[in-house]
2 protein chains.
Amino acid sequence: MNVKYRKIISGNAKIVRDINRSTILNLIRLHQPVTRVRLSHLTGLNKSTVSNIVHELLQDNLLSEEELKDQNVGRNPILLRLKPGHHYVAALNLDAVYSRVAVFDINGKMVGHHKFFTDYEHPEKNVLLFSKSLKKMMKKLSIEQINGIGVSVAGMVDSGEGSILYAPHFQWKNLNLMELFQKYYPQPIDIKIDNDANASALAELWFGKGEVTKLNDFVFLSVGAGIGSGIVLNRKILEGANHSAGEFGHMTLVENGLPCICGNRGCLEAYASDRATARRYNALQQKKNATVQESMVEEIIPRALQGEKSAIRTLKETGHFLGLGIKNIIRAVDPQAVIIGGKIIQAWSIIYPEILRVVKSGDLYGLRQEVKILPSSLKVRPRLLGAATLAIREIFEEYQIVR
Amino acid sequence: MNVKYRKIISGNAKIVRDINRSTILNLIRLHQPVTRVRLSHLTGLNKSTVSNIVHELLQDNLLSEEELKDQNVGRNPILLRLKPGHHYVAALNLDAVYSRVAVFDINGKMVGHHKFFTDYEHPEKNVLLFSKSLKKMMKKLSIEQINGIGVSVAGMVDSGEGSILYAPHFQWKNLNLMELFQKYYPQPIDIKIDNDANASALAELWFGKGEVTKLNDFVFLSVGAGIGSGIVLNRKILEGANHSAGEFGHMTLVENGLPCICGNRGCLEAYASDRATARRYNALQQKKNATVQESMVEEIIPRALQGEKSAIRTLKETGHFLGLGIKNIIRAVDPQAVIIGGKIIQAWSIIYPEILRVVKSGDLYGLRQEVKILPSSLKVRPRLLGAATLAIREIFEEYQIVR
DNA sequence: AAAATTTAAAAAAAATCTTGACATAAGAAT
DNA sequence: ATTCTTATGTCAAGATTTTTTTTAAATTTT
């Protein structure tokens, strides 16, 4: 039976407490530093309830207090912040060539980092390398306990089960990664595994800067060797019935178009991935003997920025195709924004006008669709921070009431 | 400020009651007839809580009881059902040429129906006609009170405000329909307005038969003069940041393809709408002088079913284009199913194989994507029943706890 | 035929959590 | 020195669910 039955959650006093506790903890995260009174206003909860719950959070070492001495009338407010130094999560990004391990605090700050060659042949080996690396890091940073592990994988993942359905880079199929982790971490620890595009989207949602802060509905388009995407709707990742929502990389852009590694033709990925960009560039350069390796868009971009014509033309084309794809994404889910990640955004000044032109050309009935096209706002690698966010989310998000 | 802030709903005893009450009422609707004990199991709530809430619902005249005499051991169970004859909603579908008014009971059964010519020039006139028609119907059926009004409109709708952003058929732009209704219904009554594709999707979700019963995530593709769609994710309609999620009709299928009424080229609608189908058919028939009117797919379908070659070819092409669109829909939101509505489904035996062929050709990496392509399962007009469902939903759905 | 068992529903007592009124804290304004 | 003002803390009251106990009705066992 493949039918997903929604779990029915009925209400009782304890769940009310859980809901309010996580609401408050989340608001502290988002608005820190913040006072109890402000939290009372934000939540609509009574001041006493807030005080009570804050007291509990303080005892759990999740918060720090700081009395503010200012010249306002009235009693000095006490500012609440997430307390650093007590709660950490481990992150693993399993990616082509390198995989990365890191430790983050609950504010999304990386405090330790390490990388190793991904072992394609022996999936379990990567878990071993991760655990060793993590142990070493924890010792060095004198961190005693980890509050969760997040893993982002380049491939299709069943995040509920924690299994990898298909990872084309590594040629892993139906691999239960969760089981491997549980071998090395038999003690009860939260382990969350998801696809790297979803993880990146989550990283933007939780730790995005600037305009991204205000977004609740967006699509993160991860442009790399392939093209993946994570759809965020009402602050939640859309997984899809078969864990493959947001496979925009394989939407058909051109019927019977260029072949794609997925076996079909005309996919967005076959036109706008880094690989496709490099290929188009090389086709232009053939006579000039100045080709680049397929994985090396990072060589094309500086050439374009320095004014090399064929590099510029190639990237503009990429922008054009991305625009076509993004237009269809907008038609599909009508997000507040589409955020683009990947090396390609280093050429933002070149690709953005092209993307915008295509997207705007298709404005529905001339009605203003206030969708933004933005480059990733993150400084840390989104896929690694995303892995951490998978674990951090578990600390903050519990139940929630919706209409 | 265009930023949609999520309302924060904090928990308290009253909301817990609301949650549990609506959970129980919904389960009665879905599982009727059902006993209190069964409800207790389904919800996880204690038997006393269920008894208590059921008592309340009985007092509100929402339920009827019937003692079951069977040969099982133990006390006879009391079966609970939604009580007919006490709660009704009014529905209005504003559509091209005709608009329809109807009265439905809370089980989605139509008890009265009437239609009138839509007044394109004077939007308010339609509200007047609706109210007169409803009044007459209520008198005839001796219904004293209506518990809500649902309106489905062929066009883009801001369902929160109840305003029509753009309705191409009627050439209405930024029309606040809710205000017009409130003129005629100043007393506090729930009025809900939404786009007809969303309403149809909702009708399938609530009152769909057969396989549809088990679906929580699907896309309803409404094929008519244009192509609209409603996206249902986790049993909720996806509205989108600009109230235009699911505009799959205007996704680009062919770059620089056929012109579309939206002003662009190559939209799905320009290839697979009834109008496009008729146009393609007429192009084939030109020499034979046997053309049909643009709105008349219903003439092409019987011809095809009787074996007329060009009719068959035309419909197969429509199926092919629908397949291309559906493939991209699947890539986008990965639904459990895509449900197709409209006259075209009378030719299901012709279009379905074509759709399936295109969709399956694009199966991602050869992984089984268990997506179903289904014709609408409703007997009543989906757009009208959908309008009713907008109102019925308000009676049943209140708050809910999610993770 | 009487007693025990089974299933369903209702009632009373116990537990949990939020609310609301009041109290306390700390500084500014009068 | 007193009163305001704002932030936080305390505690009984109120609402709701859960747990426990009764009551009800029919079947099965003794």
Kindly identify region B:209-376 as rounded, prolate or oblate by the Cα gyration tensor criterion: order the square roots of the eigenvalues as a ≥ b ≥ c, call it rounded if a/c is under 1.5, otherwise compare a/b with b/c, prolate if a/b is larger, else oblate. prolate
Of the listed links A:Lys236/B:Lys83; B:Lys7/B:Lys192; A:Lys14/A:Lys83; A:Lys109/A:Lys327; A:Lys173/B:Lys209; B:Lys14/B:Lys125, those spanning more than 30 angstrom between alpha carbons are A:Lys236/B:Lys83; A:Lys109/A:Lys327; A:Lys173/B:Lys209; B:Lys14/B:Lys125
For chain A, with all protein chains present and a 1.4 Å probe, just round the carbon and sulfur fraction of the accessible area to a whole percent. 50
Enter the mean number of other protein chain beta carbons within 10 Å of the beta carbon of each residue in B:258-265, as an integer. 3
From the Cα centre of region B:9-33 to that of region B:147-172, the distance in Å is 29
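Could you tell me whether region A:318-403 comes out rounded, prolate or oblate from its Cα gyration tensor? Rule is a ≥ b ≥ c as square roots of the eigenvalues, rounded for a/c under 1.5, then prolate if a/b exceeds b/c, otherwise oblate.
Oblate shape, in that a/c is at least 1.5 and b/c is the bigger or equal ratio.
Would you calculate, for chain A, the mean residue ellipticity at 222 nm contributed by helices, counting each DSSP H stretch of 4 or more residues as -39,500 (n - 2.57) and dividing by all residues, to the nearest 500?
Values: 12 runs with 157 residues, N = 403.
Calculated at 222 nm, the ellipticity per residue is -12500 deg cm²/dmol.
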Of the candidates B:Ala241, B:Ala388, B:Ala154, which one comes out as most mobile in a Gaussian network treatment of chain B with C-alpha springs shorter than 10 Å? B:Ala241
Taking Cα pairs closer than 8 Å and at least 6 residues apart, the relative contact order of region A:13-82 in percent is 35
Mind putting a number on the dipole of region A:135-241 about its Cα centre? Charges go on the C-beta only, +1 for Lys and Arg and -1 for Asp and Glu, and I need it in Debye to the nearest 20. 460
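For chain B, what is the accessible area per residue in Å², given a 1.4 Å probe and the full set of protein chains?
44
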Given charges at Cβ of Lys, Arg, Asp, Glu: the protein assembly as shown dipole, positive-most of A:His55, B:Asn46, B:His243: B:His243
So if I place +1 on the C-beta of Lys and Arg and -1 on the C-beta of Asp and Glu, and nothing else carries charge, what would the dipole magnitude of region A:209-377 be about its Cα centre? I want it in debye, nearest 20. 400
Rounded if a/c under 1.5, otherwise prolate or oblate - the protein assembly as shown, Cα gyration tensor axes: oblate
Compute accessible area for region A:368-393 by itself and then with all protein chains, 1.4 Å probe, and report residues whose area falls by 10 Å² or more. A:Arg368, A:Gln369, A:Glu370
Provide the buried accessible surface between chains B and A in square angstrom, both chains summed, 1.4 Å probe, rounded to the nearest 100. 7000
What average count of beta carbons from other chains do you get within 10 Å of the Cβ of residues in B:242-254? 6
Ranked by how many other beta carbons lie within 10 Å on average, peptides A:114-124, B:264-274 from highest: B:264-274, A:114-124
Which of A:Ala278, A:Val34, A:Met110 sits closest to the plus end of the dipole of the protein assembly as shown, meaning its Cα is farthest towards the positive end, when Lys and Arg get +1 and Asp and Glu get -1 on the C-beta? A:Ala278
Mind ranking B:318-325, A:231-238 by how tightly packed they are, going by the mean number of other C-beta atoms within 10 angstrom, highest first? B:318-325, A:231-238
Centroid-to-centroid separation of region B:320-379 and region B:219-245 [C-alpha atoms, Å]: 15
Under a Cβ-only charge scheme (Lys and Arg +1, Asp and Glu -1), can you give me the dipole magnitude of region A:67-166 about the Cα centre, in debye to the nearest 20? 600
Applying 1/(1 + (r/R0)^6) with R0 = 45 Å to the Cβ-Cβ distance of A:Gln171 and A:Trp348, what FRET efficiency is obtained, to the nearest 0.05? 0.85
Could you check which residue among A:Val151, A:Val54, A:Val73 shows the biggest mean-square fluctuation in a GNM of chain A with a 10 Å Cα cutoff? A:Val73
Quick check on packing: order B:166-176, A:78-88, A:18-28, B:197-207 by the mean number of other C-beta atoms within 10 Å, highest mean leading. B:197-207, A:18-28, A:78-88, B:166-176
Let me confirm one metric for peptide A:234-241, namely the mean number of other chain beta-carbon atoms within 10 Å of its residues' beta-carbons. 6
Give me the number: length gained by fully extending A:Glu65 to A:Thr213, i.e. 0.36 nm times residue separation minus the C-alpha to C-alpha distance, one decimal in nm. 50.8 nm
What relative contact order, as a whole-number percentage, does chain B give when Cα pairs under 8 Å and 6 or more residues apart are counted? 16
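The values are calculated or read from the model by the stated rules, or taken from the named source; none is laboratory data. Computed from a prediction, not measured in an experiment: that's the story for all the values here. Glycine gets a Cβ as well: all are built from the backbone with ideal geometry, and neighbour counts include every protein chain shown. In case anyone asks, the SASA skips ligands and DNA or RNA and just uses the protein heavy atoms, side chains included. Shrake-Rupley method; radii C 1.70, N 1.55, O 1.52, S 1.80 Å.
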